[in-house]
Amino acid sequence: MLTVATGNKAVAAAVKAAKPAVVAAYPITPQTEIVEQIAEYVTAGEMDARYIPVESEHSAMTACIGASITGVRSFTATSSHGLLYMHEMLHWAAGARLPIVMANVNRALGPGWNVWAEHTDAFSQRDTGWIQLFVSTVQEAYDTTLMAFRIAENTGILLPVMVNLDGFVLSHIMQSLETVEIGDYIPPMVLPHRIDTGNPAGYGTLTGPGDHFKFRWEIEKAMRNSPAVIADAEEEFAMRFGRKYGPVDEYLCDDADVLIVSMGTLGKEAEVAVDNLRKEGIKAGSLRIRWFRPFPELDISDRDLVVLDRGYSFGFGGVLTDSIKSRYRDSSLFSVVAGLGGQEVTYDDIAEFVRNRRMGEEYWFGVDA
Amino acid sequence: MAEIPKEEYLEKCTTACAGCTSSLTLRYVLKAAGPDTVLVVPACCTSILQGIYPNTSFSVPVYNIAFAAAAACASGMSEAFASMGKKTNVIVYAGDGGTIDIGIQALSGALERGTDFLYICYDNEAYGNTGMQRSGATPMGARTTTTPGGKTDAKKDLDRIVAAHNIPYQATATPAYPKDLYEKVKTALATPGPSFIHILAPCPPGWRIASDMSVTVGKLAVKTGSWVLWERKYGELRISSPSKSAMKKRAPLREYLSVQGRFKGISDSAVNELEQAIEKNIAQLAKEEAGEC
Amino acid sequence: MFEIRIHSRGGQGGVTAARLLAMAAFLDKKHATAAPFYGAERRGAPVTSFVRIDSEPIKIYSQIRSPNLIVVLDASIMDTVDVLQGIQKAGTVLINSPHPVDLPGVKVLTIDLTGIALAVDLVVSGSPILNTPVLGALARMGVISRESAEAAIRDMFSDERNVKAAEAAYKELVL
């Protein structure tokens with residue numbers, strides 16, 4: 001069905017279609033509309049889920065963990081400080097191999113209070129063992145949320161999945177949305193290690209130095225399996241519903257001399273910059289990263305990269321830049337830190353980054369000359 | 001009164017300290033709960049006494065969870081079982097640190113939301129698992145590794161905090177009176193919605209008592225009025241018979257304090273404050289039972 | 001691409017007006033995005049919302065800098081906010097006001113949306129609803145079709161007074 005929706009409402013609509021048994025909810029700007037919409041679905045009887053209005057994000061993630069280990073599907077949504085408040089439980093969810101799906105509406109962290117888009121919240125959870133996907137349109141938020149359940153629950157993966165969408169810029173914008181009848185796209189959840197009182201077991205029991213690393217390695221093995229599983233979820237989605245996604249979203253990359261590498265909505269704005277740059281004779285392309293963890297293989301050889309980072313590792317550099325540089329040591333790269341705390345970054349600004357690129361250097365937009 | 005069943009769900013291979021009343025409590029809790037039960041355990045002594053992976057000394061599923069998280073985990077679990085139409089008992093078994101201090105936010109939330117579960121706080125009045133540091137539950141005058149001169153603050157009144165949530169069933173117990181404990185767990189599990197049982201769990205190494213003294217010390221706690229056994233069903237308070245008898249002629253508080261190394265050298269003023277707190281607590285409970293407040 | 005900026009105060013419905021407008025544009029088979037720029041939700045604070053309408057898919061997320069049309073739902077905002085900022089040379093300003101407003105160098109249309117809302121008793125929590133009548137005025141200006149304006153309103157609101165108010169605005173606006 002074709003309709004119009006905000007990014008938040010698109011996520012809520014996908015969650016409704018995925019039919020989780022338990023949704024734990026705690027409000028935080030700019031995510032709140034997701035849990036409000038789900039509350040409306042549940043109250044109206046359009047969604048048969050147990051809605052737990054928890055008292056904190058720490059408890060939101062924990063309630064999802066408690067539900068998931070019984071073998072049922074669970075969902076929550078958060079943003080910014082809420083995500084960070086969950087931090088230890090994010091490690092727990094991944095370590096316990098629970099296929100929880102969460103929408104994270106990317107927002108800056110205080111102080112000072114700032115409710116606008118930034119990727120630092122998700123970046124600071126980079127090493128928790130969650131699969132992290134970044135989206136750029138209302139439609140993609142819907143589609144990717146549906147895919148997230150299928151990916152997470154694949155028995156070769158059993159890792160939680162975080163769907164990231166930019167605060168306000170995407171969470172609150174209204175665009176067209178085509179919802180689908182998902183049929184059996186997401187198979188019933190089967191958790192092999194679910195709690196069974198008929199077959200009692202200890203979960204998370206004290207695990208000594210001789211065993212602990214084995215469980216960590218299992219997480220990494222699942223991560224290494226995940227590209228094939230995510231690709232399969234994307235291919236199956238394209239086959240059933242006609243919209244195609246991949247690890248990256250490429251726009252005029254094939255013959256490009258310079259690639260703008262970004263995540264989230266900046267990737268769409270970059271496409272407008274690419275069109276304008278090409279009119280000037282600059283062969284630019286846009287490479288928008290959709291999978292942040294697992295980090296995808298990139299086809300970037302022999303091109304200049306202009307990397308837009310919406311988050312920063314103090315004392316080191318841009319976080320996306322860091323991931324690219326450590327994978328592709330020989331890459332020729334101009335690192336641009338832009339869009340922090342909702343800083344306005346237009347297609348004209350992006351085109352300027354490309355025109356004035358200084359390979360091997362870093363540039364803080366709005367700070368550096 | 002029903003006989004306590006012979007079935008054991010806590011095997012004899014636990015790694016608990018000798019004389020541990022927390023594991024003794026759990027033995028009775030599981031006898032009352034039976035096999036269709038899941039225990040949720042935050043960081044506490046019970047995290048350790050299960051044994052080391054791949055072994056476990058428990059024959060019900062145990063879900064270990066982060067320190068602050070037990071009640072929230074039980075919330076999710078309880079709702080999930082309900083969504084499947086299962087009647088599995090969800091029991092949080094948490095220490096005083098995980099309840100009174102770091103876990104109180106999640107506990108308050110779960111109680112307020114009417115979560116169908118039983119929360120048991122076994123209270124050994126300190127962070128036992130990390131070697132006896134002071135907690136909010138440590139009584140005034142008690143020495144811990146972080147209050148080497150004796151604690152100068154009073155014990156946090158957990159029961160009145162819980163009572164403020166107006167839950168259907170709340171009780172206190174101690175394994176020194178196992179039938180009383182067993183009956184209370186039975187009642188709690190038969191009551192829909194949230195139930196809470198606060199257990200005094202004397203800890204031989206932490207309280208500096210002999211391993212064979214922990215049950216005796218539990219009895220002394222009741223006989224001196226330091227620990228009052230009661231239950232409150234849908235707002236109706238009833239003081240339990242061991243405490244009823246004890247209140248007729250309370251044993252002197254010194255009898256309870258003097259057998260514990262942690263109170264060695266306690267000042268007269270601290271003893272006086274403990275005594276006053278006991279009298280105030282008993283008076284309030286007696287009034288409530290009589291319907292006067 | 002046709003770009004619109006809407007100025008209102010929190011609670012007056014500027015954000016909803018933007019959404020209704022985008023919805024009506026979709027119904028006209030066009031591409032549209034509607035975006036608010038706001039942070040903490042406070043009643044009475046100035047709020048800006050943006051609408052883009054185009055025949056091609058819209059990839060731009062940054063704010064509108066030179067709008068073709070500016071809509072002012074609360075004229076008192078003009079005391080503190082430069083509502084004309086960036087307006088295109090041939091741009092138009094639509095102001096909710098019972099009196100004509102003269103702004104040098106731009107084309108100004110005025111309509112008494114507050115009066116229209118009050119006339120059909122379209123009042124919620126003591127405030128007249130402006131977001132549905134303004135759609136009638138925008139239809140009259142040809143930004144969206146009259147049919148789509150009504151359909152968009154009906155999609156979001158069941159109270160027919162909203163459509164009535166939009167109809168009244170359509171008829172009242174003098175181009």
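Taking amide H as placed 1.01 Å from N in the peptide plane, A:E178 has its amide H under 5 Å from the amide H of A:T3, each at least 5 places away in sequence or on another chain.
The spread of Cα positions in the protein assembly as shown, taken along each principal axis and listed from longest to shortest, comes to 95, 68, 51 Å. Along the range A:38-47 the Karplus relation, 6.51 cos²θ - 1.76 cosθ + 1.60 evaluated at θ = phi - 60°, assigns HN-Hα couplings of 5, 4, 5, 4, 5, 5, 7, x, 7, 9 Hz to successive residues, with x for each Gly and Pro. Cα centroids of the range C:76-131 and the range A:215-273: 45 Å apart.
Classified by the C-alpha gyration tensor, chain A has a prolate form. Its axis ratio a/c, with a ≥ b ≥ c, is 1.5 or above, and a/b is larger than b/c. Less than 19 Å apart at the alpha-carbon level, and either on another chain or at least 8 residues along: which aspartates and glutamates does that give for B:K31? Qualifying aspartates and glutamates at Cα under 19 Å: A:D196, B:E3, B:E7, B:E8, B:E11, B:D180, B:E183. Normalising the average separation of contacting C-alpha pairs (under 8 angstrom, six or more residues apart) by the number of residues puts the relative contact order of chain B at 17 percent.
Computed over neighbours whose Cβ is under 11 Å from that of B:G261, the net charge equals +4, Lys and Arg +1, Asp and Glu -1. For the pair B:S258 and A:W113, a Förster radius of 60 Å applied to the C-beta separation gives a FRET efficiency near 0.60, rounded to the nearest 0.05.
By DSSP, what percent of the beta bridges with both residues in the protein assembly as shown are antiparallel, rounded to the nearest 5? Please list the in-between numbers first.
Working: 41 of 117 bridges.
Restricted to the protein assembly as shown, the bridges split so that about 35 percent are antiparallel.
Seen against the Cα atoms of chain B and their longest principal axis, helix B:70-83 is set at about 30 degrees. Of A:H193, B:H165, the sequence from fewest to most neighbouring Cβ atoms within 10 angstrom is A:H193, B:H165. Within the listed set A:I38, A:I151, A:I100, the residue fluctuating most in the Gaussian network model of chain A (springs between alpha-carbon atoms under 10 angstrom) is A:I38. Just checking the listed ones, A:R73, A:R329, A:R303: in the Gaussian network model of chain A with Cα springs under 10 Å, the one fluctuating most is A:R329. Sequentially through the range B:244-254, phi angles give Karplus couplings (6.51, -1.76, 1.60; θ = phi - 60°) of 4, 5, 4, 6, 5, 8, 5, 6, x, 4, 4 Hz, Gly and Pro residues having no value and appearing as x.
Counting only residues at least eight positions apart within a chain, or on another chain, the lysines with an alpha carbon under 17 Å from that of C:K89 are C:K107.
Pairs of Cα atoms nearer than 8 Å and 6+ residues apart set the relative contact order; for the range A:149-220 it is 33 percent.
Mind giving me the FRET efficiency for B:S241 and A:A39? R0 is 56 Å, r the Cβ-Cβ distance, nearest 0.05 is fine.
Values: r = 47 Å, r/R0 = 0.84.
In this case the efficiency is close to 0.75.
Every helix of 4 or more DSSP H residues in chain A counts as -39500 (n - 2.57), and over all residues that averages to -11000 deg cm²/dmol at 222 nm.
For the range C:2-172, taking Cα atoms only, Rg and Dmax work out to 14.7, 41 Å respectively. Against chain B, whose longest principal axis is taken from its Cα atoms, helix B:214-223 shows a tilt of about 70°. Pairs exceeding 26 Å between alpha-carbon atoms, taken from B:K156/B:K233; B:K219/B:K249; B:K151/B:K249; B:K156/B:K184; A:K279/C:K59; B:K12/B:K86: B:K151/B:K249; B:K12/B:K86.
Antiparallel as a % of all DSSP beta bridges within the range A:248-364, to the nearest 5?
Working: 6 of 24 bridges.
Looking only at bridges with both residues in the range A:248-364, the antiparallel portion is about 25 percent.
Here the average projected area of the convex hull drawn through the C-alpha atoms of chain B stands at 14.4 nm².
Treat the count of other C-beta atoms within 10 Å as a stand-in for reagent exposure and order A:S226, B:S195 from fewest to most. Don't jump to the answer; show the numbers that get you there.
Numbers: A:S226 22, B:S195 27.
Fewest-to-most ranking of A:S226, B:S195: A:S226, B:S195.
For a straight C-alpha distance cut-off of 25 angstrom, the lysines reachable from A:K325 (same-chain residues fewer than eight places away being disregarded) are A:K221, A:K268, A:K283.
Shape verdict for the range A:109-208, please, from the Cα gyration tensor: rounded (a/c under 1.5), prolate (a/b greater than b/c) or oblate. Intermediate results must be reported in sequence, preceding the final value.
Numbers: a/c = 3.20, a/b = 1.39, b/c = 2.30.
Taking the square roots of the gyration eigenvalues as a ≥ b ≥ c, the range A:109-208 is oblate.
Considering the zone a paramagnetic label at B:E7 would reach in this model (a point 7 Å from Cα along the Cα-to-Cβ line), which residues of the range B:186-220 have amide N under 15 Å from it? Answer for this model: B:186.
Computed from label points 7 Å out along Cα-Cβ, the spacing between A:R355 and B:Y53 is 5.7 nm. Between the Cα long axis of helix A:266-279 and the first principal axis of chain A there is an angle of about 20°, rounded to the nearest 10. Here the contact order of chain C, divided by its residue count and restricted to Cα pairs under 8 Å and six or more residues apart, works out to 22 percent. Where is the GNM fluctuation largest for chain A (alpha-carbon springs, 10 angstrom cutoff): A:N114, A:N225, A:N356? Its mean-square fluctuation being the largest, the pick is A:N356. Extending 7 Å from the Cα toward the beta-carbon at both B:S108 and B:M213 defines two label points whose distance is 3.7 nm.
For A:S326 and B:I161, FRET efficiency with R0 = 51 Å and r from the beta-carbon atoms, rounded to 0.05? Could the numbers behind the result be given before it?
On the way: r = 50 Å, r/R0 = 0.98.
Given R0 = 51 Å and the Cβ-Cβ separation, E is 0.55.
Return the calculated 222 nm mean residue ellipticity for chain C, to the nearest 500 deg cm²/dmol, obtained by summing -39500 (n - 2.57) across DSSP H runs with n ≥ 4 and dividing by the residue count.
That comes out to -9000 deg cm²/dmol.
Please figure out what share of the DSSP beta bridges in chain A is antiparallel and state it in percent, rounded to the nearest 5. Antiparallel: roughly 25 percent of the beta bridges in chain A. Taking 19 Å as the cut-off, the amide N atoms of the range A:292-313 that come nearer than this to a point 7 Å along the Cα-to-beta-carbon line of A:I282 belong to A:302-310. The string of couplings for the range A:94-106 from the Karplus curve (6.51, -1.76, 1.60, θ = phi - 60°) is 5, x, 7, 6, 10, x, 7, 10, 9, 8, 10, 8, 4 Hz, one whole number per residue in order, with x for Gly and Pro.
Laboratory data are not the source of any read-out in this text; all were calculated from the coordinates shown. Quick caveat: nothing in here was measured; it's all calculated off a predicted structure. Please note: Cβ atoms are built from the backbone with ideal geometry, for glycine as well, and neighbour counts cover all protein chains shown.
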